[in-house]
Amino acid sequence: MDAVRAQSDSAHDHWRRGVRREAWSSFLLASEEVTAQAIGMLNGRTSGDDALGAARRDLKRAFVVLELEGPLAVIEAAVELVACCEETVSLANEDGFGARAWRNFYSALDDERRAIARGEQLAAPVHDAWTALAQLQHALQSLREAHTSVVLSPTHARPGTMAALSSYTPPPDALMADPHIAHGALSRCYDSAVACLQASLGMPPREVEVLMRDTMDDGRIAMLDLMDGEYTRLDTARREFLVATRQVLDGELPTSATSRPRRM
């Protein structure tokens with residue numbers, strides 16, 4: 001009877017271990033699919049709305065099965081991983097359109113450069129727009145640095161600080177002797193960028209708004225920094241989930257009949 005019980009217990013251990021492995025691996029794969037779809041949207045590769053929605057539903061179903069199988073340590077690790085996935089999805093939903101707008105812009109810039117290299121066209125409207133955006137960003141950054149220098153260090157501010165901005169603005173803007181001239185030059189940079197995007201490229205107003213906004217407030221840079229932080233948290237949550245599952249699996253290796261208490 002002891003031998004029969006030991007064999008039965010061993011078979012049950014193997015079955016339960018297999019069920020849990022399947023539940024945990026399905027959950028992990030579902031989380032990977034969600035993050036892959038979300039990151040694809042953030043990188044501007046696809047709109048991804050339908051695929052992302054399906055991936056999120058699969059993740060919820062996998063998490064329900066995982067909750068039933070347990071144990072508590074694995075469930076807690078899974079909760080953190082789901083939270084990280086949802087944060088990445090939130091970023092994709094909020095910034096997906098902007099990412100696609102920038103990707104389309106840079107793709108058009110690459111196509112134009114190749115066409116010019118092949119001699120298929122002489123004009124470079126996309127490059128002109130890119131240059132206008134760069135000039136606007138440089139002018140804004142210089143204005144901020146000059147303002148910081150004057151406001152935060154008035155005793156060390158030197159005459160002609162605003163004049164230094166001239167190197168960041170397109171001709172024929174001469175030396176900027178005062179803030180009013182600097183503002184005028186900045187306005188011309190802005191109008192030039194809008195004209196290049198709208199008139200020369202025929203870009204939709206919403207995409208123009210995204211590119212102008214991100215150029216002026218470093219929105220893309222801020223978003224990339226936020227994404228890096230979320231990716232770090234996501235990687236940490238994934239490692240912790242794997243550690244939790246491996247610890248449980250190692251603790252559930254079949255035991256011998258001599259080490260298992262006998263049933264009454």
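The values are calculated or read from the model by the stated rules, or taken from the named source; none is laboratory data. From a predicted model like this one, the values you see are computed outputs, not experimental measurements. Backbone-built Cβ (ideal geometry, glycine too); neighbour counts: all protein chains shown.
One table, with the values for the structure above:
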{"read-out": "Subset of the range 156-170 that is under 18 Å from Q137 (Cβ atoms) and assigned to a loop (DSSP other than H, G, I, E, B) - its residue that is modelled with the lowest pLDDT", "value": "P170"}
{"read-out": "Qualifying residues in the range 59-70 (those that are exposed (fewer than 14 other Cβ atoms within 10 Å of the Cβ) and closer than 14 Å to R16 by Cβ) - the one modelled with the lowest pLDDT", "value": "G70"}
{"read-out": "Set A132, A117: member being surrounded by fewer than 18 Cβ atoms within 10 Å (Cβ to Cβ) and more than 19 Å from the chain's Cα centre (by Cα)", "value": "A117"}
{"read-out": "Among the residues listed as R233, R188, the single one being closer than 30 Å to A73 by Cβ and at pLDDT 70 or above", "value": "R233"}
{"read-out": "Odd one out for E86, checked against (1) more than 18 Å from D214 (Cα to Cα); (2) modelled with pLDDT of 75 or more; (3) outside the structural domain of M41 (by TED's automatic domain parsing)", "value": "(3)"}
{"read-out": "Test for E252: is it charged (D, E, K, R) and at pLDDT below 85", "value": "yes"}
{"read-out": "Check on S47, under 27 Å from G70 (Cα atoms) and either at pLDDT below 90 or not in a helix (DSSP H, G or I) (or both)", "value": "no"}
